[in-house]
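Working notes for the structure below.
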Amino acid sequence: IGGRHSYSLTTFDPSGNLDQVGRAVRASMLGAPVVALSIPSASETVVATPDSESTSPPPEEGIYMCVPLRFLGTTSPLIIDDGTPRIVPISSSICICHSGVGADGRALCDIAVRLALDHRYVYGEEISPEELLEALAEKVQEMTMKAGARPYGCALLVACLGSE
């Protein structure tokens, strides 16, 4: 695996890349796909059934996320359901879904929950999506600079209600 530049987690190869970052990106792409659908308010939505001229009641406003539990013929161990939730509520309006290495996704979701709780305790209000994403990005970047730490091998999908 790798060449002479892969002996250290923080050694750049001649092209300026970190081998560990490339491996983390590949791991995040091997995870189960995540699907998210945003439904606007009912006043903007009309749902028509294909076999009739009547309309059905519109689905409830919100963001719907799903992760398939199993794929037929898959060989990636990152897709196998390990029994832990991949969709995690962070606050009343923010939700995160992770794919890739499950332990890395759980660690980042735990960090996000802690950031949201700390923000609510200190400021008495929910954390904004921008603040949450900035703080999460700092944590992810830290792992590429710490000696002996590897980058996170997961991808996050962050959904937020009520934000512009």
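Tabulated values for the structure
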{"read-out": "The range 124-156, subset of a type in the set (A, V, I, L, M, F, W, C) and over 15 Å from the mean Cα position of the chain (by Cα), residue farthest from Cys97 (Cα to Cα)", "value": "Ala147"}
{"read-out": "Those residues of the range 102-137 which are touching a Cys at 6+ places or on another chain (Cβ under 6 Å) and buried (at least 20 other Cβ atoms within 10 Å of the Cβ), in sequence order", "value": "Asp104, Gly105"}
{"read-out": "Yes/no for Ala112 being in contact (Cβ under 8 Å) with a residue 24 or more places away in the chain, over 15 Å from the mean Cα position of the chain (by Cα) and part of a helix (DSSP H, G or I)", "value": "no"}
{"read-out": "Residues (crowded, with 17+ Cβ neighbours inside 10 Å and among the hydroxyl-bearing types (Ser, Thr, Tyr)) located in the range 140-160", "value": "Tyr152"}
{"read-out": "Qualifying residue in the range 3-19 (condition: at negative phi, modelled with pLDDT of 80 or more and surrounded by 12 or more Cβ atoms within 10 Å (Cβ to Cβ))", "value": "no"}
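The values are calculated or read from the model by the stated rules, or taken from the named source; none is laboratory data. What you see is a predicted model; the values in this text were computed from it and never measured. Positions of Cβ are generated from backbone atoms using ideal geometry, with glycine treated the same way; all protein chains shown enter the neighbour counts.
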